[in-house]
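Have a look at the structure below before the remarks.
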Amino acid sequence: MRIAILGASASASGAVDGILTYGISYMQGIGGLKSWQWTFLLEGSPIIPLGVLVYLLLDKVPNAVQWLNNIEKQLLTNLLRDDAGVADSESIPGTRLSWRQVRYVFIDWQIYLYSIVAGGNFAATKYLIAFLPTLIKAAGYTKTEAHLMTALPYAVACVCALLIYREVDKPMYRRGHLICGGLIAVSMVATIVLRIYLMKENNRRTNLSPEEYTREVTIKEPCDRVGSYLISYFTTCVF
């Protein structure tokens, strides 16, 4: 449940960011600032007091927090103790970091496996954030509308994360959901790319001169043969 809430919070932040950017786009010229300057100010200002509050209020040891049960406190305490024990066993007492620990990082295969998984996850997320507004704008929408429409995928992801985590966790059916989610994501990206391509092709054909249009119409394409075959087939079956 906590992982679902964490993922839903990340998705909700993306939705809020799109809506906030849409609203900030109308603040052009207010206070002598441009809209992108207001974006940095309004989105970055809450982080400063939040960082101070976290530093002052977050406890330094697991045993002092109130939102963990005894088993979780003991587990985290053991993990911290084991992590500190590696440094204490080095030849130089009190050393916080050693070259042997650095070597362990580069020879541990689990770190490389996690890096691949995290890289794939973060790359998909960052690519969506970076290129989705451009794709929407290329589909014929304005820049302001593109920022607003980017909030929709994140809102859907937030709701799905809060609704399906029980189904994923209880029957231990994580693999099936991951496969289905991956196929859906690939299909959505392919659909968006195909739509953009078809819109550009339609615009190109609209701007053809009469000579270019006549020349392209005379070119036989595979889809023309398929259409003629289907027409003749249905004509034979019906009549």
Gain in length, Ile116 to Leu163, computed as 0.36 nm per residue apart minus the alpha-carbon separation, to one decimal in nm?
-> 14.2 nm
Which peptide among 69-75, 55-61, 3-9 comes first, and what is the full order, when sorted by highest mean count of other Cβ atoms within 10 Å?
-> 3-9, 69-75, 55-61
Ordered by fewest other Cβ atoms within 10 Å, a rough proxy for footprinting exposure, Asp108, Asp17 read Asp108, Asp17
What is the distance, in nm, between label points placed 7 Å from the Cα along the Cα-to-Cβ direction at Phe40 and at Ser209?
-> 4.9 nm
Can you put Thr218, Thr144 in order, fewest other beta carbons within 10 Å first?
-> Thr218, Thr144
Return the lysines within reach of Lys143: Cα separation strictly under 29 angstrom, same-chain partners fewer than 8 residues apart disregarded; answer none if there are no such residues.
-> Lys34, Lys126, Lys200
For Lys73, list the lysines whose Cα falls under 18 Å from its own Cα; do not include residues on the same chain fewer than 8 positions away.
-> Lys60
For a footprinting-style exposure proxy, rank Ile219, Ile196, Ile111 by other Cβ within 10 Å, fewest first.
-> Ile219, Ile111, Ile196
Segment Asn63-Ile48, extension gain: residue separation times 0.36 nm, minus the distance between their alpha carbons | 2.7 nm
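All of the numbers you see were taken from the coordinates with simple rules; none came from a lab. These figures come from a predicted structure and were not determined experimentally. Here Cβ is always computed from backbone atoms with ideal geometry, including for glycine, and neighbour counts include all displayed protein chains.
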